[in-house]
Structures are given as structure tokens and as C-alpha cells.
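Working notes, structure below.
What follows draws every value from the coordinates through simple rules; no lab data is involved. Computed from a predicted structure; not experimentally measured. Ideal geometry is used to build each Cβ from the backbone, glycine not excepted, and the neighbour counts take in all protein chains shown.
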Amino acid sequence: MSKSRGTAVDPFALLEQYGADTTRWYMYASSPPYNSRRFTPDHVGEMLRQEKPKMALVTMEALHSPPAIEAALDAGCHVLSEKPGCVRVEDFEKLIGKAKDRGLHLVLALANRSDPAFIDARRMIADGKIGKVYGLEVHIIADQTRLTKPAYHTTWQAKKARAGGGQLIYEGIHWLDLSMYLTGSQLDSVSGFTADVGGQPLDVEDSAVVAMRLKNGALGTLTSGYYLDKGNQTQLKVWGSRGWLHVERHAEIPLTWYSTLETNPQIHRPSELNKPAGYAYPLFVRAVVRAFAGLGPIPLTGDDSLMALKSVFACYRAAETGERQSVA
């Protein structure tokens with residue numbers, strides 16, 4: 001490559017197409033460091049085809065994720081992508097179609113599905129422990145500190161065109177997904193509001209409130225915001241015809257439940273589910289890697305990932321139009 005001769009490669013275009021990790025691995029693995037090398041952007045794609053990795057982990061800003069995901073799928077890789085993986089749901093839907101056509105997995109890192117408290121709560125609802133699901137209440141309230149720092153205001157996370165959205169698409173998406181995962185029912189329609197209630201110079205929301213109707217007829221609400229000076233406050237509560245359950249992920253005992261199907265109904269707090277906060281992510285990644293290797297079930301499918309994104313973008317449409325929006 002020669003800058004003076006006009007043969008230099010634009011590094012930003014290369015990173016947008018393949019991602020930093022793939023490009024870094026090519027530079028590391030293509031030849032010994034003391035050798036000179038001829039280089040074109042096609043060499044990175046050729047490295048993917050030659051090495052044939054079984055899995056790619058995409059952790060790029062949302063705007064640049066789809067080309068990297070597509071390159072990995074074209075190379076025959078299963079893909080685990082950090083959410084949201086796109087700034088337009090249509091782009092991700094096309095990638096899901098490509099993954100299916102090639103017999104590959106493409107999933108978002110919605111890791112709370114691997115939390116034992118949520119797994120147990122899902123099992124109890126599926127077993128009819130609380131009867132027919134009537135309604136649910138969800139909130140995820142997170143630390144606002146980084147939003148107040150000038151350095152954050154210039155990052156891609158603060159720009160809607162590059163991030164796709166704010167609090168709802170980065171934090172709330174987990175809890176919209178959990179609402180569907182626990183109840184076994186997809187969202188049917190949503191309405192709601194988004195806002196920058198903190199008043200920081202952001203191009204994205206720091207707060208969202210969503211009202212939702214599930215396809216099983218249940219109703220629910222989600223409050224999602226950056227309000228705290230530190231830490232997180234989370235809960236997901238589900239009421240049914242024969243009881244209720246409450247998951248508070250960061251509590252000492254995260255799962256509480258009550259069922260009138262018992263002879264002597266009482267509130268249960270299974271202490272064996274007590275685990276340190278944040279432990280679900282390695283469990284999720286381990287399960288995904290095993291599934292990609294054909295050694296176990298996938299924690300969520302590409303369609304599950306797509307439905308979570310469709311739910312978020314339906315919420316954004318509802319906030320923009322002031323009208324209820326269908327999720328499908």
C-alpha cells in the first residue's frame with residue numbers, strides 16, 4: 001500500500017465491512033510480523049473463507065454491525081451479536097433470512113434468558129403454577145452517571161443515527177424479551193413514550209414507558225430509564241388466575257412466588273437461587289457456544305432476537321406517532 005500512489009486502504013471502510021476483531025486477526029495470522037505483505041480489503045474476506053471459523057462475535061456500533069454480520073454469515077459462521085446489531089430492523093431481518101438459508105444461527109446477546117431465576121420463573125408459568133397469565137409489570141432503572149459526562153455526549157451511543165436508539169434499545173430490550181420469554185407469548189401491540197428527561201445533550205432517549213398487549217391477551221407495562229446515581233433496580237412481576245411471581249434480579253433472593261393451587265398457599269422465596277449479580281452473561285455465552293457446536297439447545301433463536309428488535313422499534317414508532325403500533 002502506498003499513500004502517495006493512491007493505493008492505501010481506507011481503514012474505516014475496512015472496519016465497517018469486517019469489524020476490528022476480524023481485521024486484527026488477519027494482521028496477526030496472515031504472515032510473520034517481520035515479513036512484508038501485500039494487502040487489499042479482499043484479503044480479510046479471504047482469511048474468513050480459509051480459516052473457516054465456526055463462530056463470529058460481533059461487538060460493533062449498531063450502524064456498522066450489519067456488514068460485519070453479513071461477512072461472517074457469508075463465510076459460514078454462526079454469529080452472536082451484541083444488541084442491537086442494527087439501526088433499522090429491516091436490515092437485521094434480511095440477515096436472519098440469510099442465516100436461515102445457510103443453516104446458520106444469528107442471535108443477539110439477550111443474556112438474561114440464562115439467569116436461573118428467570119428460567120425457573122418461566123418453568124413455573126409454563127407448568128400452570130400461577131394459572132392463566134393476566135398481566136405483568138416490568139422495570140429496569142439504571143445508572144445515569146456516564147450520561148452526564150461531556151465525553152459520552154460525543155460517542156456513537158449518544159447518536160441515534162449510529163446507535164439506533166437509547167435506553168430502550170440497550171437496556172429495555174432485555175426486559176421486553178424477558179416478558180415474552182417468561183409468558184411464552186409474543187407482543188401483539190404497544191404504545192408509549194420516550195424522552196430525554198435528564199436534559200443531557202443526547203440524540204437518544206434516556207427514558208421510556210411502554211404499555212403492551214401480548215398475543216395471549218395479557219397486558220403489561222415497562223418503565224426503562226437512566227435515573228440512578230449508581231447501580232440498577234430491576235423487577236419483573238407476573239400475575240395470573242392462580243397466583244403471582246416476582247423476579248428482582250439484583251435482590252438477595254431474586255425469585256418470589258405464590259400459588260393458590262397449593263393446599264396451604266404461602267409466599268415462597270427459594271434461597272438456592274441466590275447468585276451474585278452479573279453471572280448470567282457467561283452462562284449465556286457458554287450455552288450459545290455449545291449450541292453453535294451442536295452440543296446443546298440454543299438459548300434463543302434468530303426469530304426470538306428479531307422479535308425483540310421488532311418490539312423495540314414498534315415502541316419507537318408509537319412514541320413518534322402517538323398511536324398504538326402493531327409489533328408484527
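Students often get this wrong, so check it: of K52/K83; K83/K160; K83/K149; K215/K310; K83/K230; K149/K230, which have C-alpha atoms separated by over 19 Å? In this structure, K52/K83; K83/K149; K83/K230 lie more than 19 Å apart at Cα. Debye-formula intensities of segment 159-270, expressed as log10 I(q)/I(0) at q = 0.13, 0.19, 0.24 Å⁻¹, are -0.60, -1.08, -1.36 (one equal scatterer per alpha-carbon, no solvent). Here the simple spin-label model places points 7 Å from the Cα toward Cβ, and for R123 and K149 these points are separated by 4.1 nm.
Report note on the peptides 146-153, 105-112: ranked by the mean count of other C-beta atoms within 10 Å, highest first, their order is 105-112, 146-153.
Here is the size of segment 104-171 from its Cα atoms: Rg then Dmax, 17.5, 50 Å.
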